[in-house]
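Undergrad: First, the structure itself, so that you have it in front of you.
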Amino acid sequence: MLAQTPPMGWNSWNTFGGNIHEDLIRETADAFISEGVKEAGYEYVVIDDVWEARERVDGRLTWDEAKFPNGIPALAEYVHSKGLKFGIYSCAGSHTCAGMPASYGYEEVDAQTFAAWGVDFLKYDFCFAPAGVDGPKLYQRMGQALRATGREILFSLCEWGMHKPWEWGAKAGGHMWRTTGDINDSWASIVDIGFNRQAGLEAYAGPGHWNDPDMLVVGMYGKGNVAEGGCTDAEYRSHFSLWCLLASPLMLGCDARAMNQATRDIVLNRAVIAVNQDPLGRQGYRVGGTGWAGETVEAWAKPLHDGSIAVGLFNLGMRNQRRATVAWEAVGLHDRRPCKVRDLWKGMDLGVFTGDFSTLIDSHDAALVKLTPIH
């Protein structure tokens with residue numbers, strides 16, 4: 001079955017928008033191998049909007065020949081030759097968000113087309129939906145059409161949380177669904193989409209079906225299609241820590257061909273990724289927070305399959321340092337149970353603690369630790 005752990009990959013939109021072409025996608029697939037991205041678990045290479053020709057041909061979608069002179073099937077074959085999976089984009093309305101032909105009324109033929117091209121992942125947006133048409137039904141139509149192809153195609157619902165897709169997305173055939181509008185490359189966006197709007201959705205996630213708070217902006221540094229000032233490495237570390245605790249799909253949005261060492265250290269950290277990919281499939285949840293307006297410290301926890309608990313401690317405030325604490329009782333442990341504590345970012349054991357664990361955290365940074373009860 002697809003998506004038994006949160007999907008991992010790359011999407012072209014955040015950095016490149018509509019400025020995509022086949023050499024870029026091939027080079028990105030190459031970078032998955034040379035940069036260790038595939039080895040770290042990322043597998044989907046997804047082209048977003050503006051790959052399409054402006055008109056259908058004989059009722060079928062086709063590609064922009066100037067951007068993809070060798071065609072989408074050949075590009076999918078190249079991605080597959082690297083041991084990776086290939087994804088594409090369409091929309092539940094009459095046109096895509098960039099005004100290109102979309103799939104409303106063509107769900108069956110488009111699903112068959114995607115399957116014939118070797119597509120493994122479909123991101124399905126929600127622009128230009130016909131007035132009066134029920135949004136969930138539009139997604140159900142495409143979900144049924146994808147299943148009817150007989151090809152395993154991961155179905156990513158991108159209707160921005162408008163109709164609470166966490167309540168019906170799995171029934172529509174979805175494997176992941178956006179819970180909010182689009183993220184941008186700013187700390188304010190990470191706080192709003194991640195810390196403010198994901199709490200309470202944990203009951204709707206699990207193997208085969210995942211809440212999606214949008215793509216990662218780690219490593220963009222204010223460049224690209226969703227740039228808005230850019231973030232610091234500490235803010236990117238907080239972003240990645242929370243997305244891993246949330247069991248979010250991990251879809252890179254930076255230029256995978258040009259990651260600096262700080263970006264590689266974040267998005268390729270095996271111990272942190274293992275929290276996201278834990279086979280228990282539990283989404284993390286907020287277990288505590290202290291502070292005042294704009295100066296909050298928060299703790300989030302995610303139970304793991306081996307009985308340990310991953311805990312993220314976050315300093316959301318502007319002050320230089322704040323002390324953050326997680327109490328054993330807040331994560332379901334007896335206050336006298338000794339636990340080994342390991343820092344997952346630093347890759348080091350911190351010792352055995354009883355009752356609680358606390359540490360100083362710089363502004364907008366995070367600590368991610370693993371609590372392992374000693375029996």
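Yes/no per residue for (1) without any contact (Cβ under 8 Å) to a residue 40 or more places away in the chain; (2) hydrophobic (A, V, I, L, M, F, W, C):
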site	(1), (2)
143	yes, no
148	no, yes
183	no, yes
193	yes, yes
201	no, yes
218	no, yes
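Undergrad: Is at least one residue of the range 318-334 surrounded by fewer than 14 Cβ atoms within 10 Å (Cβ to Cβ), outside the structural domain of residue 236 (by TED's automatic domain parsing) and in contact with a Phe, Trp or Tyr (Cβ under 8 Å, 6 or more places away or on another chain)?
TA: The answer is yes, given that some residue of the range 318-334 is surrounded by fewer than 14 Cβ atoms within 10 Å (Cβ to Cβ), outside the structural domain of residue 236 (by TED's automatic domain parsing) and in contact with a Phe, Trp or Tyr (Cβ under 8 Å, 6 or more places away or on another chain).
Undergrad: On the basis of being modelled with pLDDT of 95 or more and over 19 Å from the mean Cα position of the chain (by Cα), does residue 313 make the cut?
TA: yes
Undergrad: When you scan the range 220-308 for strands (runs of 3 or more DSSP E) that lie fully inside it, which ones turn up with 2 or more residues that are buried (at least 20 other Cβ atoms within 10 Å of the Cβ) and charged (D, E, K, R)?
TA: 297-303
Undergrad: How many residues, within the range 99-123, are of a type in the set (Gly, Ala, Ser), surrounded by fewer than 24 Cβ atoms within 10 Å (Cβ to Cβ) and assigned to a helix (DSSP H, G or I)?
TA: Restricting attention to the range 99-123, the residues satisfying the condition of being of a type in the set (Gly, Ala, Ser) are 99, 102-103, 105, 111, 115-116, 118.
Of the ones still in play, those that are also surrounded by fewer than 24 Cβ atoms within 10 Å (Cβ to Cβ) are 99, 105, 115-116, 118.
From what is left, the residues that are assigned to a helix (DSSP H, G or I) are 115-116.
Looking only at that region, the number is 2.
Undergrad: Among the residues of the range 185-219, how many are assigned to a loop (DSSP other than H, G, I, E, B) and either among the hydrophobic types (A, V, I, L, M, F, W, C) or crowded, with 21+ Cβ neighbours inside 10 Å (or both)?
TA: 11
Undergrad: Taking only the range 160-184 into account, find how many residues are closer than 18 Å to residue 133 by Cβ, part of a helix (DSSP H, G or I) and over 17 Å from the mean Cα position of the chain (by Cα).
TA: Counting residues in the range 160-184 that are closer than 18 Å to residue 133 by Cβ, part of a helix (DSSP H, G or I) and over 17 Å from the mean Cα position of the chain (by Cα) gives 0.
Undergrad: Another question about this same structure. Considering only the range 4-38, state which residues are over 19 Å from residue 225 (Cα atoms), surrounded by fewer than 19 Cβ atoms within 10 Å (Cβ to Cβ), small (Gly, Ala, Ser) and in contact (Cβ under 8 Å) with a residue 12 or more places away in the chain.
TA: Hit for the range 4-38 is 36, nothing else.
Undergrad: Oh, and also: Collect the residues in the range 19-42 that are over 21 Å from the mean Cα position of the chain (by Cα) and assigned to a loop (DSSP other than H, G, I, E, B), keeping them in residue-number order.
TA: 19, 21
Undergrad: Take the residues of the range 43-66 that are within 16 Å of residue 29 (Cβ to Cβ) and assigned to a loop (DSSP other than H, G, I, E, B): which is farthest from the chain's Cα centre (by Cα)? Full working, then the answer.
TA: First, pick out the residues of the range 43-66 that are within 16 Å of residue 29 (Cβ to Cβ): 43-48, 51.
If we keep only those that are assigned to a loop (DSSP other than H, G, I, E, B) too, we end up with 43, 47-48, 51.
Values: 43: 13, 47: 15, 48: 14, 51: 21 Å.
Going through the qualifying residues, I end up with 51.
Undergrad: So, in the range 245-295, exactly how many residues are free of Cβ contacts under 8 Å to residues at least 12 places away in the same chain and within 25 Å of residue 209 (Cβ to Cβ)?
TA: Selection size over the range 245-295: 1.
Undergrad: Mind listing whichever residues of the range 320-355 are at positive phi and assigned to a strand (DSSP E or B)?
TA: Within the range 320-355, 351 is the sole residue that qualifies.
Yes or no, residue by residue, for (1) part of a loop (DSSP other than H, G, I, E, B); (2) at positive phi; (3) touching a strand residue (DSSP E or B) at 6+ places or on another chain (Cβ under 8 Å); (4) in the same structural domain as residue 33 (by TED's automatic domain parsing):
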| site | (1), (2), (3), (4) |
| --- | --- |
| 79 | no, no, yes, yes |
| 97 | yes, no, yes, yes |
| 144 | no, no, no, yes |
| 150 | yes, yes, no, yes |
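Undergrad: Does the range 361-373 contain any residue that is modelled with pLDDT of 95 or more, in a strand (DSSP E or B), over 17 Å from residue 241 (Cβ atoms) and not basic (Lys, Arg)?
TA: Yes, some residue in the range 361-373 is modelled with pLDDT of 95 or more, in a strand (DSSP E or B), over 17 Å from residue 241 (Cβ atoms) and not basic (Lys, Arg).
Undergrad: Here's another thing I want to ask about it. In the range 94-110, which residues are in contact (Cβ under 8 Å) with a residue 40 or more places away in the chain and either more than 12 Å from residue 59 (Cα to Cα) or out of contact with any Ser or Thr (no Cβ under 6 Å at 6 or more places or on another chain) (or both)?
TA: Passing the criteria: 96, 97, 98, 100, 101, 106, 108, 109.
The values are calculated or read from the model by the stated rules, or taken from the named source; none is laboratory data. All values derive from a computational prediction rather than experimental measurement. Don't worry about glycine lacking a Cβ; one is built from the backbone with ideal geometry, like all the others, and counts go over all protein chains shown.
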